[in-house]
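Below you'll find the structure, written out as C-alpha cells, and then a few comments.
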Amino acid sequence: MNLAIINARMQSSRFPGKLMQELVPGKSVLEVFLERMKLVKSWDGMVLNLQLDPANEPLREVAEKMGIPILESVRPLLENGAEDVLGRTLDAADHYHANTIIRVTPDNPCLHASVIHRACVNYYMNRNGCHYVSNCWHRGDGGGFPRGTEVEVFSYAALGQMENETSKTVEGSKSDLIRLQANRLYDREHVATF
C-alpha cells in the first residue's frame with residue numbers, strides 16, 4: 001500500500017492551534033489542506049496520524065467530518081518532551097501495511113497535488129534503486145521548491161532504517177553521547193532528517 005501519513009498536532013511551541021486557524025472564510029488550515037490532499041491520486045490512502053491527547057480533539061473532529069481515517073498513537077513523549085513523530089509514522093505504516101510512505105504535513109496548506117504526484121512518480125519509477133525522494137532542498141540561490149511545499153516519499157525499509165539509526169546505542173565520550181542524543185531526539189521528532 002502507498003500511504004500518505006499526515007502527522008498533526010495542536011500543541012505547537014511557536015503557534016499553538018495553528019491548524020484550526022481560519023485560512024479562508026469558514027475553513028481552517030487543516031480543512032483546506034485535507035481538501036487539497038483528497039485531490040491526490042498518487043496514493044492508495046491517507047491517514048491523519050495524531051498523538052493521543054485531548055488537545056487534538058478539534059483535529060479529530062475535522063478529519064471525521066471529512067471522512068479521513070485517523071490513527072492515534074499512545075507512544076510516550078521523548079525525553080525532551082517532544083512527540084516521537086518517527087515512531088508514530090512507523091506505527092501508522094505498520095497498522096496499514098504500507099510499503100511506501102508519502103509524508104506531507106498540514107503545516108503546508110499550499111502544497112499542490114501535482115507536486116506530490118511528481119515526487120511519487122519519481123519514486124515509483126526509481127524504487128528499485130532508490131528508497132527516498134523529496135523536494136525538501138532549499139538552495140541559497142533561490143532555486144528549488146519554496147518552503148511550505150515539501151513532500152517526502154520513502155520505502156518502509158528506509159523508515160525502518162531511520163528507526164534503527166535513532167534507536168541503537170553507541171559508545172563514546174560523554175560530550176559525544178550528549179550531542180548524539182540531542183541529534184537523535186531531533187531526528188525522532190522530524191522523521192527523515194538524514
With the requirement that a residue be closer than 22 Å to LEU34 by Cα and either part of a helix (DSSP H, G or I) or open to solvent by less than 20 Å² (accessible area, probe 1.4 Å) (or both), what does region 110-132 give you? LEU111, ALA113, SER114, VAL115, ILE116, HIS117, ARG118, ALA119, CYS120, VAL121
Here the qualifying pairs (Cβ atoms under 7 Å; residues six or more apart or on different chains; first in region 14-31 and in contact (Cβ under 8 Å) with a residue 60 or more places away in the chain; second among the polar types (S, T, N, Q) and open to solvent by 30 Å² or more (accessible area, probe 1.4 Å)) come out as VAL29/GLN21
The strands (runs of 3 or more DSSP E) lying entirely within region 3-109 that contain at least 3 residues which are farther than 27 Å from ARG127 by Cα are 22-24, 70-73
Here's a check for you: in region 46-97, which residue that is in contact (Cβ under 8 Å) with a residue 40 or more places away in the chain and small (Gly, Ala, Ser) is farthest from MET10 (Cα to Cα)? ALA93
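Is there a residue in region 12-22 that is surrounded by 14 or more Cβ atoms within 10 Å (Cβ to Cβ) and in contact with an Asp or Glu (Cβ under 8 Å, 6 or more places away or on another chain)?
Yes, region 12-22 contains a residue that is surrounded by 14 or more Cβ atoms within 10 Å (Cβ to Cβ) and in contact with an Asp or Glu (Cβ under 8 Å, 6 or more places away or on another chain).
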Given the conditions (1) of a type outside the set (S, T, N, Q); (2) at pLDDT 80 or above; (3) closer than 15 Å to LEU3 by Cβ, report the number of the one that ARG127 does not fulfil. (2)
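The values are calculated or read from the model by the stated rules, or taken from the named source; none is laboratory data. None of these values were measured; they are calculated from a predicted model. Cβ coordinates were reconstructed from backbone atoms using ideal geometry, including for glycine residues, and neighbour counts include every protein chain displayed. These area figures cover heavy atoms from the full protein model, side chains too; ligands, DNA and RNA do not enter into them. Shrake-Rupley method; radii C 1.70, N 1.55, O 1.52, S 1.80 Å.
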